[in-house]
């Protein structure tokens, strides 16, 4: 490979992820053409350059957008580990990064839980996998029993998971016996110690199938969690809406704020519960178990952003840390467009929302202040689904250096890292 | 697949047995995909929720759990079908044939912490009869699972990923190249053989090439210089059978002869896919309509029999000739495959329409039965309300008999005027199929095919004064995932 063709590789790589800058795009194309025109007679070189030229031409129609976003800085997508545990649990959901070293966990470890068991029944996964980026070791952090007296319906670990600075791990359970909401239980929030041992579980009238990724404001001795509850009044998926032919939509989902106090050396205590959002859409689904608000991000200004997949929008709940009443479904930040059943969500260094699509393999970047969708990046392109990547994405978390993000791919049960090294 | 009886002519020429190799219905190994099944309790627990399971036998009585501890996953699928021709052919009537596939995979990271390794072993149990052999004599055989009755090893390979972002992987061992090369995912929904492994390699390569139910020792490299492009290159033994004579499946009944005594078969394929991981999409860009385009070629260094000339330079059809075909070194073909989604429902994205096409040809007409083939069609996922998991497909295939074979037929007609020997030219078929998902583990697939000019215009051995008549084939296939 000659230097000029390497330049072409580099230019193209930049174009793929930086097509937001029109200048970059044109420069990339010119470089590729130059490289191809100067190619020699060797077959390998010919093929590689022809391929690159073809790609330049095929990709040349990409749009340019002057808005600077985070995703254009993300170039690398690497598989880190399989998320399947030794008991065969599959379907990775939550992705969280530990802020602390304690027990089994080291700071910056990535924890991923599984929603399905080996038979791939939804709502029956009981395991949490840990991945240590520094050593690339994968370990089993926790394996819970299928049934806990404190958790109505059993265990099926969801996208709701957090590691507190004090080392305690909180994880949601939305259980089922047959993989559908026909047999779902109300579930609970499970508290684990830093070695993955069960400590206690929180249940109650406000806790009904904790579902989406958690928003968190952690001060060590106290913490505030935000969790969506998507199970209120959800019937079996066989209960259909005659108008749509799909399972009925129930607008009873809530976003619950949990106030925790964490006595030194003792488990967290659930001190308060406040419903800060309510009336979000939810329904059963045979393929996806449950559709409901799944992504939650707490912005530094106290605004809570929530993805409402069924209505295909992102909502904002103001003053989420302090409000005492429900904001209902909040204010619509953005709807439709690049969003396609938005799921879990993370916050970029620019303060932009990074939203996983459920109905395709794209991650959408949204400027919440402007209410504007900047662009989306394909992070799963599995063409076995229609559209590509449909149903493959779920959890997401920023890397500690904020140069990239972790995400999971349901289709192959793997943890990925995008951006950085 | 199966041996088509025009092979009597080819065998007389001393060439490869003419056959149409196939590709069976795709089979996913369960641990790596999202497929729901009930967690049956006890030995009959799986019976409690057959409507939910993706596997008839659920957790296989606990076997899957045991295997998972060692990073092993297992899939078993039965495909059975009854196909019959209502018109045309040399005989009429239905036949039954079936295939049991078993695939076991070991993930080395889950087994012992070695990243990026996958060991794959698969086996086939083929049963029933072959409609194409018994009744149709078509070049483009009616079913992709038709093959000789046998229980045989199919593939046994190890794949290792390497380079940053897994940009390359190398696969070594016994491989069936139809699983990766010249592949069209949309074509996999159809029943006719040609939508799996197309005609040109089926009838031109030694033994039909390393495709279902055969495979070949070899090595394959895949490299992604950028995310949108993949380059596949593989070198395999030139013939999947240990001998060049007769039916290659009978020459290796168990699939364990592992021949390395032939020349080499080289495959190179370039793939371009959209969307690629990392690609950016902007508001207003429209629906993500995925597509994959492939171009490639193969070259086989084996000896190939001339279709018209003998070793003495005389016509093979001439009574004065010595009957031993002239041997030529090497054969090659180029091809292109396109799969393109053209529509998806904005509200229910699982509903979509895709088109596909595959074209393949070889200029080496003197040594090949077929010098050109094409197949393509349209596939509609979720065609009816409430049937999002069903698929309907309309496809067609065309095969052109090489000029050398046409000339051989004319030579035969001229030298044996008392024997009706029409000059074979081309064969065309159309297929309409509907895959109905009765349960996630059980599909039913009614299928209609119509074949024009079977065999390219072959004389009917039962009524030697006429060609084999055009055939209307209908049938029902079922897939059951255990």
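The values are calculated or read from the model by the stated rules, or taken from the named source; none is laboratory data. Just so you know, these numbers come straight off a predicted model, no measurement behind them. Here the Cβ positions follow ideal geometry from the backbone for every residue, glycine too, while neighbour counts run over all protein chains shown.
Structural remarks
- Residue list for region B:286-313, filter: buried (at least 17 other Cβ atoms within 10 Å of the Cβ) and outside any strand (DSSP E or B): B:288, B:289, B:290
- Filter result for residue A:71 (within 11 Å of chain B (Cβ to nearest Cβ), out of contact with any helix residue (DSSP H, G or I) (no Cβ under 6 Å at 6 or more places or on another chain), surrounded by fewer than 24 Cβ atoms within 10 Å (Cβ to Cβ) and under 25 Å from residue B:163 (Cα atoms)): no
- Taken over region B:233-258, the criterion of being surrounded by fewer than 21 Cβ atoms within 10 Å (Cβ to Cβ) and either within 14 Å of another protein chain (Cβ to nearest Cβ) or in contact with a strand residue (DSSP E or B) (Cβ under 6 Å, 6 or more places away or on another chain) (or both) is satisfied by B:233, B:235, B:247, B:253, B:254, B:256, B:258.
- The residue that is farthest from the other protein chains (Cβ to nearest Cβ), counting only those in region A:361-397 that are within 13 Å of the chain's Cα centre (by Cα) and in a loop (DSSP other than H, G, I, E, B), is A:395.
- Some residue of region A:214-225 being touching a residue at least 60 places away in the same chain (Cβ under 8 Å), under 23 Å from residue A:329 (Cβ atoms) and assigned to a loop (DSSP other than H, G, I, E, B): yes
- Filter pass, residue B:102 being surrounded by 16 or more Cβ atoms within 10 Å (Cβ to Cβ), in contact (Cβ under 8 Å) with a residue 60 or more places away in the chain, away from every other protein chain (no Cβ under 11 Å) and under 19 Å from residue B:174 (Cβ atoms): no
- Some residue of region B:403-415 being in a strand (DSSP E or B), surrounded by fewer than 21 Cβ atoms within 10 Å (Cβ to Cβ) and at pLDDT below 95: no
- Residues that are closer than 25 Å to residue B:333 by Cβ and touching a helix residue (DSSP H, G or I) at 6+ places or on another chain (Cβ under 9 Å) were ranked within region B:260-292; the one that is modelled with the lowest pLDDT is B:262.
- Wholly within region A:77-192, strands (runs of 3 or more DSSP E) carrying at least 2 residues that are crowded, with 24+ Cβ neighbours inside 10 Å and more than 14 Å from chain B (Cβ to nearest Cβ): A:90-97, A:110-116, A:157-163, A:169-173, A:188-192
- Top-ranked residue in region B:416-443 [being closer than 15 Å to residue B:138 by Cα and out of contact with any helix residue (DSSP H, G or I) (no Cβ under 7 Å at 6 or more places or on another chain); ranked as surrounded by the most Cβ atoms within 10 Å (Cβ to Cβ)]: B:429
- Criterion (in a strand (DSSP E or B), at negative phi, surrounded by 20 or more Cβ atoms within 10 Å (Cβ to Cβ) and within 13 Å of chain A (Cβ to nearest Cβ)) met by exactly one of B:354, B:373: B:354
- Only a single criterion out of (1) at pLDDT below 90; (2) assigned to a helix (DSSP H, G or I) is not satisfied by residue B:111, namely (1).
- Meets criteria (buried (at least 18 other Cβ atoms within 10 Å of the Cβ) and either assigned to a strand (DSSP E or B) or away from chain A (no Cβ under 13 Å) (or both)) for residue B:80: no
- Selection status of residue B:200, farther than 20 Å from residue B:230 by Cβ and either outside any loop (DSSP other than H, G, I, E, B) or modelled with pLDDT under 95 (or both): yes
- Some residue of region B:311-331 being touching a residue at least 60 places away in the same chain (Cβ under 8 Å), within 28 Å of residue B:194 (Cβ to Cβ), in contact with a helix residue (DSSP H, G or I) (Cβ under 9 Å, 6 or more places away or on another chain) and within 14 Å of chain A (Cβ to nearest Cβ): no
- Residue list for region B:129-172, filter: in a strand (DSSP E or B) and closer than 22 Å to residue B:241 by Cβ: B:150, B:151, B:152, B:153, B:154, B:155, B:156, B:157, B:171, B:172
- Boolean, residue B:392 is under 30 Å from residue B:300 (Cα atoms) and out of contact with any helix residue (DSSP H, G or I) (no Cβ under 8 Å at 6 or more places or on another chain): no
- Count of residues meeting criterion [touching a residue at least 12 places away in the same chain (Cβ under 8 Å) and surrounded by fewer than 20 Cβ atoms within 10 Å (Cβ to Cβ)] in region B:110-129: 13
- Within region B:332-348, the residues that satisfy the criterion of being assigned to a loop (DSSP other than H, G, I, E, B) and touching a residue at least 12 places away in the same chain (Cβ under 8 Å) are B:345, B:346, B:348.
- Yes/no for residue B:71 being at pLDDT 80 or above and within 14 Å of chain A (Cβ to nearest Cβ): yes
- Test: residue in region B:134-153 that is free of Cβ contacts under 8 Å to residues at least 40 places away in the same chain, surrounded by fewer than 21 Cβ atoms within 10 Å (Cβ to Cβ), touching a strand residue (DSSP E or B) at 6+ places or on another chain (Cβ under 6 Å) and within 30 Å of residue B:426 (Cα to Cα): yes
- Of all residues assigned to region A:141-149, none qualifies as being under 20 Å from the mean Cα position of the chain (by Cα) and within 27 Å of residue A:252 (Cα to Cα).
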